[in-house]
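The values are calculated or read from the model by the stated rules, or taken from the named source; none is laboratory data. Model, not experiment: these values are computed from the prediction. We place every Cβ from the backbone using ideal geometry, glycine too, and count neighbours over all the protein chains shown. Note: accessible area is taken over every heavy atom of the protein model, side chains too, but ligands, DNA and RNA are not part of it. Shrake-Rupley method; radii C 1.70, N 1.55, O 1.52, S 1.80 Å.
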Amino acid sequence: MTLTPTIANRTVEYQRKRRRRTSNETLFALTFGVSVALPVALYLASGAPMAWANAADVVTGLGILAGLVATQVVVMMLLLAARIPWVDSMIGVDRAISLHNQLGKPALYGLLAHGLLITVGYSMTEGIDPIAEAMSLFGISDMVWAYISMGLFLAVVGTSIVAVKRKLPREWWMGVHFLSYAAVASSIPHQFSMGSALGTGTLSRWYWISLYLITASALLVFRFALPLIRSLQSSLKVSDVSVSSWRTLPSGDKVPDSWSITMTGNGVNKLEAQAGQFFRWRFMNSKLWWQQHPFSLSAAPNSRSLRITVRNLGSGSAAMGSLNPGTRVFFAGPYGLFTEAARTQPQLVLAGAGAGIGPIRSLIENADFAPGECTVLIRSSDEDSLILREEIREWCWHRGAVLYELVGHRDRNPDHALTPELAERNARSSWLPAEHARAGYTLESYAPDLSRSDVYVCGPSAWTDAVIADAKAAGLPSESLHTERFSW
């Protein structure tokens with residue numbers, strides 16, 4: 001098939017974007033790897049291992065190394081969660097937070113190994129048992145802070161275990177999670193007063209002082225100061241609240257299932273927000289001022305307004321449905337790479353479920369595609385809860401996108417096929433309504449040009465994972481798959 005010059009030019013542009021994204025990810029991975037290895041290199045370069053004269057010295061030295069690596073990982077976790085624009089542009093906030101979460105347990109294990117090895121090493125040097133050594137360390141004020149730090153880390157990691165996290169209110173969990181700042185701060189005194197690894201005048205000492213100052217500055221600037229300044233400058237206020245979908249109760253009555261909230265203000269264009277990105281919103285009324293919620297834009301931003309669509313999933317989101325026009329809005333953002341900037345292919349597949357339909361709607365409005373080049377799939381268990389349904393129909397018709405409304409419950413009892421082929425088909429169809437799954441449909445059934453497509457998926461985590469797994473089974477590379485998850 002001969003490509004038209006326009007398509008050929010776009011293909012070249014997408015290939016350029018793909019190379020740039022790959023380079024960005026490589027640079028980030030290299031930076032991360034060097035950052036973790038640097039404390040070890042500095043310790044080895046100091047010549048300290050050359051002074052290891054016996055088993056006690058070896059155990060103590062290994063404890064120091066474990067502490068240096070674990071502390072570096074903790075600092076990297078803080079930087080990943082600091083919402084630094086450079087990190088967002090490299091890998092996106094979604095992947096940064098995912099990496100942050102994955103590093104929690106290794107960091108804790110490293111800190112526990114540090115404490116255990118140091119205690120055993122000291123006890124071997126002094127000829128006493130480790131328990132007696134641990135009790136003696138309690139007599140040193142800086143070590144008391146170190147034990148407090150360990151307790152705080154245990155609390156943070158413990159509440160981050162999925163089974164525990166799901167049972168906690170989001171605001172309560174966030175409050176506990178902020179203890180990680182106190183955990184790092186309380187660990188600092190013993191690092192500089194105990195032992196010689198960070199002794200006065202050493203390069204390692206200046207490295208850690210600089211790293212802590214940089215980390216504290218990043219957190220203050222990007223998590224607190226910059227969002228506050230932008231919120232004050234924009235003077236964003238709620239201008240309209242409208243019902244976007246309805247839910248039918250068992251009684252037959254209908255109640256709002258989602259609301260679209262439009263906010264207007266001065267200088268919105270200066271935020272340089274893009275369709276598909278999300279903000280963290282704080283609505284300043286008596287019910288919501290103390291809560292911050294992440295919601296994606298559900299319409300392409302313009303110079304005066306931003307819009308989000310919120311599902312009625314609890315008391316917090318239900319309260320947003322009763323927001324009054326004129327309510328002041330504070331925010332942090334925009335964040336994320338769920339945008340045109342991540343495109344690598346000329347064709348486009350947009351898949352959304354539940355609240356994830358919102359960012360899909362915004363991408364339909366201004367994504368780069370010609371008629372017939374975009375396939376849109378919106379998923380819901382019933383007709384009424386397809387949020388923004390009429391808007392999506394209009395935009396798909398206006399832009400020439402192919403729309404599939406996938407309505408119905410999943411197959412709760414699928415056939416457990418005996419053949420590998422049927423087993424794979426069942427797995428790939430798990431995100432579809434039961435009727436479609438039983439017919440053997442997969443993502444390729446709706447998007448025949450899937451191999452030349454970018455796939456954007458937004459919705460509940462389990463559903464998103466199933467769609468991505470289907471796309472990967474069809475042979476799509478990871479760089480052509482883009483997700484935004486509604487989880488914390």
From the protein chains alone at 1.4 Å, what is the descending order of accessible area for LEU65, LEU30, largest first? LEU30, LEU65
Apply 1/(1 + (r/R0)^6) to the Cβ-Cβ distance of LEU154 and ALA318, taking R0 = 35 Å, and write down the FRET efficiency to the nearest 0.05. 0.50
Let me cross-check HIS114: its accessible surface, 1.4 Å probe, with only protein heavy atoms counted, in Å² to the nearest 10? 40 Å²
Round to the nearest 10 and give me the degree value, 0 to 90, for the angle of helix 55-80's Cα axis relative to the longest principal axis of the chain. 30 degrees
So what's the projected area for the chain, the Cα convex hull averaged over all directions, in nm²? 29.3 nm²
Exposure of TRP208 as accessible area (Å², to 10), given a probe of 1.4 Å and all protein chains: 0 Å²
A chain fully extended from GLU405 to ALA182 at 0.36 nm per residue, minus the present Cα-Cα distance, gains in nm 75.4 nm
Under 1.5 on a/c is rounded, so check that first for segment 340-484, then, if it is not, pick prolate when a/b is larger than b/c and oblate when it is not; a ≥ b ≥ c are the square roots of the alpha carbon gyration tensor eigenvalues. oblate
Nearest-10 value in Å² for the accessible area of PHE138, using the 1.4 Å probe: 100 Å²
Rounded, prolate or oblate (a/c below 1.5 giving rounded, otherwise prolate when a/b exceeds b/c) for segment 271-344 by Cα gyration tensor: prolate
Relative contact order %, segment 7-230, counting alpha carbon pairs below 8 Å whose residues are six or more apart: 21 percent
Relative contact order for the chain using alpha-carbon pairs under 8 Å, separation at least 6, rounded to a whole percent? 12 percent
Quick one: net charge around ARG280, please, counting Lys, Arg +1 and Asp, Glu -1 for every other residue with C-beta under 11 Å from its C-beta. +3
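Within the set of other residues whose C-beta is less than 14 Å from the C-beta of ARG307, count the net charge using Lys and Arg as +1 and Asp and Glu as -1. Don't skip to the end; give the middle numbers.
On the way: positive: LYS237, ARG304, ARG361; negative: ASP240, GLU365, GLU391.
In short, 0.
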Additional length obtainable on full extension of the chain from TRP289 to TRP86, 0.36 nm per residue less Cα span: 70.2 nm
The chain, accessible surface, carbon-and-sulfur percent (1.4 angstrom probe): 62 percent
Once you put a point 7 Å from the Cα of GLU435 and another 7 Å from the Cα of LEU232, both along the Cβ direction, what distance in nm separates them? 5.7 nm
Tell me, rounded to the nearest percent, the portion of alpha carbon pairs in segment 308-386 spaced more than 19 Å apart. 52 percent
Judged on accessible area alone, 1.4 Å probe, highest first, LEU68, LEU313 line up as LEU313, LEU68
So what's the angle, to the nearest 10 degrees on a 0 to 90 scale, between helix 389-399 and the longest Cα principal axis of the chain? 80 degrees
Ratio Rg/Rh [Cα only; Rh per Kirkwood] for segment 48-164: 1.08
Expected 222 nm ellipticity per residue - DSSP helices of 4 or more, -39500 (n - 2.57), all of the chain, to 500: -16000 deg cm²/dmol
Along the Cα-to-Cβ line of ASP57, 7 Å from the Cα, sits a label point; which residues in segment 8-50 have backbone N less than 18 Å from it? 43-50
